[in-house]
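First up is the structure itself, then whatever we jot down about it.
The values are calculated or read from the model by the stated rules, or taken from the named source; none is laboratory data. All values reported here derive from a predicted model rather than from experimental measurement. Because the Cβ atoms are built from the backbone with ideal geometry, glycine has one as well, and the counts that use them run over all protein chains shown. Side chains included, ligands, DNA and RNA excluded: accessible areas come from the protein's heavy atoms. Shrake-Rupley method; radii C 1.70, N 1.55, O 1.52, S 1.80 Å.
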Amino acid sequence: MVAALCTLLLAGCSAVRFGYNQAPELVYWWLDGYADFDATQSPRVREALAQWFAWHRRSQLPDYADLLARAQADVLADTSPERACRWWAELRRRGELAAEQALPYAAGLIPTLSPQQLQHVERRQAKVNDEFRSEYLARDPAQRLKDSVKRAVERAEFLYGTLDDSQRERVAQLVAASPFDPELWFAERLHRQQDALRVMRRLTSEPAPRDTALAALRAHVERTSRSPREHYRRYQERLESFNCGFAAGLHNATTPAQRQAAAARLKGWEVDLRALSARPD
């Protein structure tokens with residue numbers, strides 16, 4: 001529950017302020033790694049990122065800080081799978097809002113991409129897919145499970161601090177029981193990537209008006225957030241339900257000292273976000 005919150009809110013101890021202030025440049029280079037922007041596109045992308053982050057700093061960071069303040073109270077008490085799911089729904093709504101705010105900028109830029117740039121996107125996707133296989137799809141099932149447990153422990157310790165042996169064993173048991181299927185997830189990723197390429201090719205083959213491009217991108221985002229493949233939607237529902245129980249069960253197994261440490265960490269991030277939202281730079 002709260003580990004996902006931390007990720008969404010750019011949490012990272014004292015690095016939050018520095019990282020957020022550098023984010024427009026970092027995101028630019030991440031996007032450029034996919035699209036290889038030309039001299040005309042580059043200033044447009046930088047300006048769009050500046051505008052998006054100005055909106056985000058002004059309107060979203062105070063909301064995130066308020067959310068962190070609420071989490072500080074919640075993290076001190078036991079929780080339930082239902083409450084963990086409500087937290088997840090709140091995070092998802094904020095992610096959807098951030099994506100919606102970015103779509104008009106994307107709708108203005110994507111029709112300007114060249115065929116060569118779309119090929120660059122496809123090559124970058126292939127490289128990212130190789131990295132995914134290496135991280136999630138070890139051939140040995142035992143190694144794959146070990147990797148999953150390691151990631152889960154690291155996420156928990158990011159918030160609560162060091163887990164003891166019994167807590168680590170609990171995490172291992174929960175991970176082993178999870179319906180998480182990296183093969184299915186990877187297949188869905190490939191579908192989404194191909195869908196994104198189809199949309200971009202359509203918008204660049206006959207450059208579309210901004211409203212048409214925006215509608216096409218919104219439809220793509222909807223297909224990404226709610227898969228058109230029913231079997232994957234059912235899988236997502238099972239996994240989300242399990243993860244809510246996972247988060248609640250692990251949290252309820254933490255000690256008072258671990259919860260106090262989590263509350264202190266959340267407070268630090270709240271303070272950082274409030275400071276960031278109050279400053280123009």
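When the range 238-262 is filtered for residues that are assigned to a helix (DSSP H, G or I), within 14 Å of ALA156 (Cα to Cα) and of a type in the set (A, V, I, L, M), the ones remaining, listed by number, are ALA247, ALA248, LEU250, ALA261, ALA262. Can you name every residue in the range 37-79 that is surrounded by fewer than 18 Cβ atoms within 10 Å (Cβ to Cβ) and among the acidic types (Asp, Glu)? Within the range 37-79, ASP38, GLU47, ASP63, ASP66, ASP78 qualify. Just to be sure before I move on: is ALA152 buried (at least 16 other Cβ atoms within 10 Å of the Cβ), within 26 Å of LEU190 (Cβ to Cβ) and of a type outside the set (Asp, Glu) in the structure I sent? Considered against the rule, which asks whether it is buried (at least 16 other Cβ atoms within 10 Å of the Cβ), within 26 Å of LEU190 (Cβ to Cβ) and of a type outside the set (Asp, Glu), ALA152 comes out as yes.
Listed here are the helices (runs of 4 or more DSSP H) enclosed by the range 157-237 that have at least 1 residues being open to solvent by less than 50 Å² (accessible area, probe 1.4 Å) and in contact with a Ser or Thr (Cβ under 8 Å, 6 or more places away or on another chain): 165-177, 182-205.
Counting only residues that are among the hydroxyl-bearing types (Ser, Thr, Tyr), modelled with pLDDT of 95 or more and within 27 Å of VAL153 (Cα to Cα), the range 211-237 holds 2 of them. Cβ separations smaller than 7 Å between residues 6+ apart or across chains give the following pairs from the range 232-247 residues that are over 24 Å from LEU190 (Cα atoms) to residues that are of a type in the set (A, V, I, L, M): CYS244/ALA84; PHE246/LEU174; ALA247/MET1; ALA247/ALA84.
Within the range 55-76, residues that are touching a residue at least 60 places away in the same chain (Cβ under 8 Å) and within 16 Å of GLY95 (Cα to Cα) reach partners that are surrounded by 15 or more Cβ atoms within 10 Å (Cβ to Cβ) and among the aliphatic types (A, V, I, L, M) with beta carbons closer than 6 Å, at six or more positions or on different chains, in the pairs LEU61/LEU273; LEU61/LEU276; TYR64/LEU9; TYR64/LEU273; ALA65/LEU273; LEU68/LEU266.
Rundown of residues vs (1) in contact with a strand residue (DSSP E or B) (Cβ under 8 Å, 6 or more places away or on another chain); (2) over 26 Å from VAL16 (Cα atoms); (3) of a type in the set (A, V, I, L, M, F, W, C), yes/no style:
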position: ARG218; (1), (2), (3): no, yes, no
position: GLU222; (1), (2), (3): no, yes, no
position: PHE242; (1), (2), (3): no, yes, yes
position: ARG274; (1), (2), (3): no, no, no
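Restricting attention to the range 130-144, the residues that are among the hydroxyl-bearing types (Ser, Thr, Tyr) and surrounded by 13 or more Cβ atoms within 10 Å (Cβ to Cβ) total 1.
Would you check if there is a residue in the range 139-150 being out of contact with any Gly (no Cβ under 7 Å at 6 or more places or on another chain) and under 20 Å from GLN194 (Cβ atoms)? No; the residues of the range 139-150 include none that is out of contact with any Gly (no Cβ under 7 Å at 6 or more places or on another chain) and under 20 Å from GLN194 (Cβ atoms). Scanning the range 112-129 for residues that are part of a helix (DSSP H, G or I) and open to solvent by less than 60 Å² (accessible area, probe 1.4 Å) gives THR112, GLN117, LEU118, HIS120, VAL121, GLN125, ALA126, VAL128, ASN129. Counting the residues of the range 242-281 that are modelled with pLDDT of 95 or more, of a type in the set (Val, Ile, Thr) and either open to solvent by 20 Å² or more (accessible area, probe 1.4 Å) or over 27 Å from VAL175 (Cβ atoms) (or both) gives 1.
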